[in-house]
Amino acid sequence: MSHEAEHPHILPTSVYVAVWTGLIALTGVTVGAHYVDMRHLAIPAIMVVATVKATLVLLYFMHIRFEKPLFPLMIMVTLITYAIFVVLTFSDYLYR
Amino acid sequence: MDHKRIGIMYLLAVGLFFTVGILFAVTFRLELFSPGQQFFSNGVYNRLLTTHAVIMIFLFIIPGIPAIFGNFLLPIMIGANDVSFPRLNLMSWYLFMIGALIAVTSVIMGGPDTGWTFYVPYSALTEGRVVLPIIAVFILGWSSILTGLNFVTTVHRLRAPSMPWFKMPLFVWAIYATSWIQVIATPVVGITLLLVLMERFMGIGIFDPTKGGDPVLYQHLFWIYSHPAVYIMILPAMGVASEIIPVFCRKTIFGYKFIAASSIAIAAIGSLVWAHHMFTSGIADYARILFSLLTFLVAIPSAVKVFNWMATMYKGSIRMETPFILTVIFIILFAIGGFTGLTHGALSTDIHLHDTSYVVAHFHYTMLGGGGVMFFAALHYWFPLMSGKMYNKKVANLGVALFFIGFNMVYIPLFIAGMYGMPRRYATYLPEYTIWHRTSTIGSWFLASGLILMLVNILWAAKKGQKCAPNPWKGLTLEWTVPMPPPEFQFKDVPVVTHGPYEYATGASHE
């Protein structure tokens, strides 16, 4: 508890509102992307938007931006593992 | 909520399931005594086989060392009074028991007949009871994740301040690496099994090609978890070996940092080799080459450990006590299991050996000869600490000898029969395989009596054994500084670690 008392990490409400507005705007982008013909870029585009949204939630709502480096590191280990799983699985699907 | 009590509760439950698993194995080996049908129909044989595998994998070897000895010893070894989340720890035990009860219920109701891998399309179509065991495995996985999470947090947060990472006992390193695999890989199998249920009940075409699905995708998803799971089984066993060998050789472990790092390397590379179970499933050639290479790479950190153990024994003053004998047996059996594994890693030989009894022999050498033997080594090593009593060493050694003879009698013939083309999981065989199967069945009686003798000996000692003097093996790790058996709060003050875990040469001691 004393640790938290030293670094309260309480953000002004305006930051949360700004992040929330950003998330809503990005949701709008995802919906809007449906109406633009991007062909094979469509899926990568909405995946990028989704990644940005998830990152915003992690950094601000889940406070990862203000934690010790160990926590972002652990999250990165999980994400990189997942990425490797996908890449290795596609070494089968792409060349079958 | 005491971590030691939870460890003992796991010990009793796991010991019971293990005995049941052995009885199933001995029972279906009877069917193989002669060719043709003896005692069971093919359907019953399939169910016995599947149930043996599900019990041994999910109820014995995965929880075996981490949940029992990890729970009991990990906090003591790092100078803590409990794990980070004691209540969560108790919840893991309840989840484990709920999962186990559901699994047992499914056996009583007829049992699954799919093999423990639940491969689609069969598992999505069969009349056999696969829903209950799938739910059971899902809940057991949940328990496994929570235990892993608890241990990772405990190692990071509750280590005694005087114990830096590289002064931790190697068993703690092994459990730490295992816990990471549990946390990262287990959710994948949970998702996969839920997908099978969705396909079964809602007809969603995830794995069924007629609906646009891909059956091989199931194998990918299943083995993404289940291959790392074999490292959940073997890494803690290697950790126990790294504890026992220096104690009984009175020498510092050879290459501490390499053993610690090889645990992490096995956890990391071992997570990237899953498709070697699928070389004959019609995956892309490019993928087969990649996974074959990755598979051969795992041999390196495994060999690092084996060579370091041998180097530790070299010129040590060895005491041949039961835990040490079991550890030597482990090294021999595990080496045989490891080398025969390479023949599956090579693409050409795998086509000949895939799905033969050679594979069965190979993984029993690594799993029972590795994880199983080290479970018993750990039991015989830490039993005095857990109970404050000593077992009858002569009876224990007799059990070990019976086990060793029986073990090789069971599996060496299966290697040979497999090379001649005997398929695995078959209830019958051609007459020319009779000699191999008969030897194997007779061996299974020795193997089972050896294991049961060891278990009974331990149980008897727990009830009526002689009191044991503190620190009977003269170990230097922290668990031997506390009273035997340890009280609920083993450390009144945070212990100060002044020497490394294996510094026998410098004359360090607890006295």
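Annotations
- Taking the longest Cα principal axis of chain B as reference, the axis of helix B:3-31 is set at about 40 degrees.
- The spacing between segment B:233-274 and segment A:24-42, judged by their C-alpha centroids, is 50 Å.
- Reciprocal mean inverse distance between Cα atoms of segment B:18-131 - Kirkwood radius, Å: 16.2 Å
- Sequence-separation-based contact order of chain B, relative, with Cα cut under 8 Å and 6+ spacing, percent: 18 percent
- Look at the dipole of the protein assembly as shown built from charges on Cβ: of B:A260, B:T192, B:I283, the Cα furthest out on the positive end belongs to B:A260.
- Cα shape, the protein assembly as shown, gyration tensor, a/c 1.5 rule: oblate
- Near B:N308, once Lys and Arg are set to +1 and Asp and Glu to -1 for all other residues with Cβ below 15 Å from its Cβ, the sum equals +3.
- Tensor-based shape of chain B (alpha-carbon gyration tensor, a/c under 1.5 rounded, otherwise prolate or oblate): prolate
- Extended-chain gain in nm, criterion 0.36 nm per residue less alpha-carbon gap, B:A469 and B:T126: 117.8 nm
- Sites B:M97 and B:V494, calculated FRET efficiency, Cβ-Cβ separation with R0 35 Å, nearest 0.05: 0.60
- Simple label model, 7 Å out from Cα along Cβ direction - A:H40 to B:Q38, nm: 6.0 nm
- When all alpha carbon pairs of segment B:225-338 are counted in 5 Å bins from zero, the resulting P(r) reads 2, 11, 20, 21, 16, 11, 8, 5, 3, 1, 0 %.
- Between helix B:285-313 and chain B there is an angle of about 30 degrees, using the helix long axis and the longest principal axis of the Cα atoms.
- In chain B, the calculated helix contribution to ellipticity at 222 nm averages -22500 deg cm²/dmol per residue, counting -39,500 (n - 2.57) for every DSSP H run with n ≥ 4.
- Going by neighbour counts of Cβ atoms within 10 Å, the residues B:W445, B:W116 line up, fewest first, as B:W445, B:W116.
- Direction-averaged projected area, Cα convex hull, chain A: 8.5 nm², rounded to one decimal.
- Each other residue within a Cβ distance under 9 Å of B:D2 adds +1 if Lys or Arg and -1 if Asp or Glu, for a net charge of 0.
- Peptide packing for B:333-340, B:308-315 was compared via the average number of neighbouring C-beta atoms within 10 Å per residue; ordered from the highest value, the list is B:333-340, B:308-315.
- If R0 is 45 Å, the Cβ-Cβ spacing of B:M198 and B:T153 corresponds to a FRET efficiency of close to 0.85.
- Charge dipole (debye, nearest 20) of the protein assembly as shown; +1 at Cβ of Lys and Arg, -1 at Cβ of Asp and Glu: 1220 debye
- For chain A, hydrophobic long helices are taken as DSSP H runs at least 24 Å long by C-alpha position along their axis with mean Kyte-Doolittle hydropathy of 1.6 or more; these are A:70-93.
- Angle of helix B:434-464 to the longest C-alpha principal axis of chain B, folded into 0 to 90 degrees and rounded to 10: 30°.
- Dipole-positive endmost among B:G421, B:V306, B:L347 within the protein assembly as shown (Cβ charges, Cα centre): B:V306
- By the count of neighbouring beta-carbon atoms within 10 Å, fewest first, A:V86, B:V395 end up ordered A:V86, B:V395.
- B:E503, B:E31, B:E432 arranged by Cβ crowding within 10 Å, fewest neighbours leading: B:E432, B:E503, B:E31
Since every read-out is calculated from the coordinates, none of them should be taken as a lab result. Quantities reported herein were computed from a predicted structural model and do not represent experimental measurements. Methodologically, a virtual Cβ is constructed for each residue, glycine included, from the backbone with ideal geometry; neighbour enumeration extends over all protein chains shown.
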